[in-house]
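Take a look at the structure below.
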Amino acid sequence: MRRRTVDEIVAELSAIGFDAEVDANVRVRALAKAAELAGGKGAGVGPKPGKKEQAAAAAATAGAGTEWGDDLNVEAAGRAN
């Protein structure tokens with residue numbers, strides 16, 4: 001017996017998800033799992049960042065696009081604060 005590929009599993013889960021005769025909870029769970037499996041195949045997709053990584057990313061872009069966005073950047077402001 002050969003192992004099924006991820007694409008085959010996603011296709012089966014999607015078929016279950018769109019089958020009107022299947023219980024709604026089962027359909028939702030099948031589609032959620034199919035999306036999880038299909039999403040993991042893309043380039044650059046990795047584990048979900050933790051709270052510290054999310055905070056660091058938010059801090060790096062805080063104020064971007066606002067008039068006070070460069071207040072802490074001495075080179076951009078042209079003066080020390």
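A short reminder: the numbers here are calculations on the coordinates, not readings from a lab. The shown structure was predicted, so the numbers you read here are calculated from the model rather than taken from an experiment.
Computed quantities for the displayed model
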{"read-out": "Gain on full stretching of the segment that runs from Ala24 to Arg4 - 0.36 nm per residue minus C-alpha separation", "value": "4.7 nm"}
{"read-out": "Stretch gain in nm, segment Glu53-Ala32, where the contour uses 0.36 nm per residue and the Cα spacing is subtracted", "value": "5.1 nm"}
